[in-house]
1. Give me the net charge of Glu113's neighbourhood, meaning all other residues with Cβ under 12 Å from the Cβ of Glu113; Lys, Arg count +1, Asp, Glu -1.
2. What is the distance, in nm, between label points placed 7 Å from the Cα along the Cα-to-Cβ direction at Phe94 and at Thr9?
3. So, in nm, how far is label Tyr104 from label Leu141 when the simple model puts each one 7 Å beyond its Cα toward the Cβ?
4. At 0.36 nm per residue, minus the direct Cα-Cα distance, what do Ala77 and Leu32 gain on full extension? Give it in nm, one decimal, please.
5. Are there any chymotrypsin sites (Phe, Trp or Tyr not before Pro) in the stretch 15-94 that are in a DSSP loop and have at most 12 other Cβ atoms within 10 Å? List them by number.
6. How much length, in nm to one decimal, is gained on full extension between Phe59 and Val22, taken as 0.36 nm per residue of separation minus their Cα-Cα distance?
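Just so it is clear, none of the values below were taken in a lab; they were calculated from the coordinates. Treat the numbers as computed from the prediction; the structure is a model and nothing was measured. Cβ placement follows ideal geometry from the backbone for every residue including glycine, while neighbour counts extend to all protein chains displayed.
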Amino acid sequence: MTTEPCQPTLLTLAKYVLATLVVGAAAVVIGLWLMLQGRGTDVAFQSSDGRWADMEVQFKGRSFEKVILPGFISYRACASEPVSLQRVTKRPPFFSTETLFNDYGDSKWAVPEAAAIGVAARGEFTGFAPCRGSLSHEQVLAEVAVYAAELSHNK
């Protein structure tokens, strides 16, 4: 007696297709959610005198090294009194989606934390504002490298 292989019914095939679609849709939704969370924490900074503030917007390419440090170095060159850079944003709690993609070895986390004052407290992020007699682009980049190296040693 010969036995024929068991043929799946149309209902069984429909169940497999539906299960595959549900699992695939869930994977896409979870992947998109992680992509949106995956940029890490956007961190805000201010000068110690409260007259300058700026913040990262990583999905726009406004990172600490590319935008914040050059803006602060330019402001510091024009300030009437010595100023220091302060981090306004607190570290997120360890068990959060933001923490999954943060690199706490980044130099931005080595900047001392302080309470928001002045323009940062009002939510006004002034950003880069060159002044008369400010540093050249090359001088700003050289000072950024020195400042970033100092932060790396302070970790």
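1. On the way: positive: Arg87, Lys90, Arg91, Lys108; negative: none.
Net charge around Glu113: +4.
2. If labels sit at Phe94 and Thr9, their model points lie 5.3 nm apart.
3. If labels sit at Tyr104 and Leu141, their model points lie 3.4 nm apart.
4. On the way: separation 45, 0.36 × 45 = 16.20 nm, distance 4.23 nm.
Taking 0.36 nm per residue and subtracting the Cα distance, the gain is 12.0 nm.
5. On the way: sites: Tyr16, Trp33, Phe45, Trp52, Phe59, Phe64, Phe72, Tyr75, Phe94; in loops: Trp52, Phe94.
Taking the stretch 15-94 and a limit of 12 other Cβ atoms within 10 Å, the loop chymotrypsin sites (Phe, Trp or Tyr not before Pro) found are Phe94.
6. Numbers: separation 37, 0.36 × 37 = 13.32 nm, distance 2.95 nm.
Answer, rounded to one decimal: 10.4 nm.
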